[in-house]
1. Need the full-extension length gain, residue 450 to residue 206, defined as separation in residues times 0.36 nm minus the C-alpha distance. One decimal, nm.
2. Taking just the alpha-carbon atoms of the range 222-283, what radius of gyration and Dmax come out, in angstrom?
3. With N set to the residue count of the range 412-467, report its C-alpha Rg divided by 2.2 N^0.38 Å to two decimal places.
4. Tell me the Kirkwood hydrodynamic radius of the range 528-589 in angstroms, computed as one over the mean inverse distance between distinct C-alpha pairs.
5. Grab the beta carbon distance between residue 398 and residue 435, set R0 = 35 Å, and tell me the FRET efficiency rounded to 0.05.
6. For the range 428-570, what D do you get in µm² per second when you plug the Kirkwood radius from alpha-carbon pairs into Stokes-Einstein at 10 °C and 1.306 mPa s?
7. Please give the length that would be gained between residue 196 and residue 151 if that part of the chain were fully extended, namely 0.36 nm times their separation in residues minus their C-alpha to C-alpha distance (nm, one decimal).
8. How high is the relative contact order of the range 192-319, in percent, counting Cα pairs under 8 Å that sit 6 or more residues apart?
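Just so you know, all these numbers are worked out from the coordinates, no wet-lab data involved. Every value quoted in this text rests on a predicted model; they were computed, and no experiment measured them. Ideal geometry is used to build each Cβ from the backbone, glycine not excepted, and the neighbour counts take in all protein chains shown.
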Amino acid sequence: MFAPDYLNRTALRWWKALFAMVCFCGWSSGFGQERPPVPETNAVLVIDARTEWARPDGHLYLCREPAATFIPLHRILQTPEHYPFRPVSPTLPLVEGRSYWLACPIRNASDQPVPMLLDVRFPYIDAVETYWAGGGRIRALTPPTGWRVPVGDRPFAHRNMVLPLVLPARQTGVLYLHLRREAGEGGVYLRLRSPETFRRHDQYEALFWGGVGGWLLFACGLTLFLFFINGDTLYLLYCLYALCHLLALVAYEGWLTYCLPQSPVDGKVWIRTSLYLVFISNVLFIRHFFDSRNHVPRWLDIFCTWSLAAWGVLTIYYLGLGVSGQPLHPAWGHMYLFFVGINSLYIMLYIYFALQTKRNRETARLYLFAFTPLLVIVSGYILLRLELIEEFFLVGIYPYALSVVFETVVLMVGLAFRFKQYRDEREKLLLEQNQQQELAHRLVFESQMQERERLAKDLHDGIGMDLVVMKMRMETTLLEPDVSLSPAERGRLQQYAAQLGEICRDVRSVSHNMMLTDLQLHGLAPALQQLIDRLVSARPDLAIHFNHQIDELPPLHLQQPVYQIAKELLNNTVRHAGASQVEVTLTCQPDYLTLRVSDNGIGYDPSDLRPADGIGLRNIHSSVERLRGHLTIHPNRPTGVVHRIRLPMTADS
């Protein structure tokens, strides 16, 4: 179908292994050869009081009614040439809408009647009843029942068709079972069990289905959680796919009719609708899983999209017919087979094209490994429907359930690894962005420091010296005796000289502040201590307590902003708070730097500040945000306020 040049060696190995597996399963189930019939013997199934369970191998015979009308048992026995019984296996290949008579010779070897339970192992039997022919007469063992009969009104309350039998003591007879299967095609598994054995078997089944359902619900919940965290649609599609599988298992096993006994929807509608949804959600999932738009031919992607839309509409229409109770045309069965085949072809094509791209090769191998058991089951089902084989042991509810669990476990591991890769890549990207931001902040800080140093030198050595020289000349002029000045002019010159002296002192103060001599020479904690000492000397009535714990020296690009923030907060406290006690705490740890300033003043609420009143606070906010820190203000009026600044020491903190 495809050119061999496009096939790499890895893809060839996978396809050869898959083809060999399908061929082996087909050969082992009778594909390509005629299955040997059950020998026609007069063997009788022997039952006694110690029998726990029995499978009627070699003892079961089937008569298919030629029409949909009911044929009484006595008529079949009177004219055996018209209604011959042929040997069959206990896994009965029944077709929907047809009635069957089953015969099983049984002998009770014990001296007392033996109660047994006939487990039909399928919930959607339209009509079922049992008869016992022995001792020259025919009698009904169980009344007619079916899946539409409420569970409480059945001969044995169970979601499946379980029929209680009482075999007469020391009697040989024939157990006749008349049934009509309503939902789907495939096998009906017959087992005879004692009541105690059936009770244990039912408990094991409950544990099995509880485990399968619990795992699928856990997978749905986990992927839904990953979807809310990651936002990737792939996890939502996987959740939908697992839910559809769970719905199919619940529908096939009869839990829907058990929980919804008054539902008007037939069993076949529940099963086929759920399987339609399984295949549709599966194709949607693998299209997103393989990122099909980047490597699948456009014609295939478009054709698949329109096919999924058409099948979605048909599924809704089919479910609507079932809800309304209208009769379903037999063509729906052929359409279902075509739907299964075409969707399986879509899946294999997507896997094939994914194997051709290096980016999706590992993903395609993972999905092929997960999907192989289901693919084998689907292939066997198609061969059964096409009557190429008579029986396939994997076409059943238990192999399907185990293959679903296997697929979801493998895909869950793949999705978890994919999510881990996404988180690792995201963390790596964030770390690189933080490192770049930190580098940019350091460069900006270094350039600012260099510019401040240049301006401070220019002010101190240039403008400052010029002003000092001008002041000295004015003072010299005033002292020269040969300069004749009126008293008014001399007074103005003295005033100008005094103003120049103040300007010189201001320029000197500004240049020293721009140089941040204390911070550069001694470090952050000593510079803060000197700042506090100057404030206390100016305000003797104010007590400022300074505590610091420095496990690791903060980087240079943090010291200046923290110093300026502390200076702004202390100045605001001195000017506006009216506090008598101030506590300053500086903590430097390997990951974070924390500055805490608290006072017992009048306090304030940040939300009450006007834009013109909070310029300093806005500057603090902008500095903290630029350093990727966090500012917390705890107003406690009228007993003060607490400011807490937390800054990361490194980019990855």
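1. On the way: separation 244, 0.36 × 244 = 87.84 nm, distance 7.70 nm.
So the extension gain works out to 80.1 nm.
2. Rg then Dmax for the range 222-283, in Å: 13.8, 41.
3. Working: Rg = 23.6 Å, N = 56, 2.2 N^0.38 = 10.2 Å.
In units of the globular-protein estimate, the range 412-467 measures up at 2.32.
4. Numbers: mean 1/r = 0.0803 Å⁻¹.
So the Kirkwood estimate lands at 12.4 Å.
5. Working: r = 55 Å, r/R0 = 1.57.
Result of the calculation: an efficiency of 0.05.
6. On the way: Rh = 19.0 Å.
In µm²/s, the coefficient is 83.
7. Numbers: separation 45, 0.36 × 45 = 16.20 nm, distance 2.01 nm.
Between residue 196 and residue 151, full extension yields an extra 14.2 nm.
8. On the way: 77 pairs, mean separation 27.6, N = 128.
Relative contact order for the range 192-319 comes out at 22 percent.
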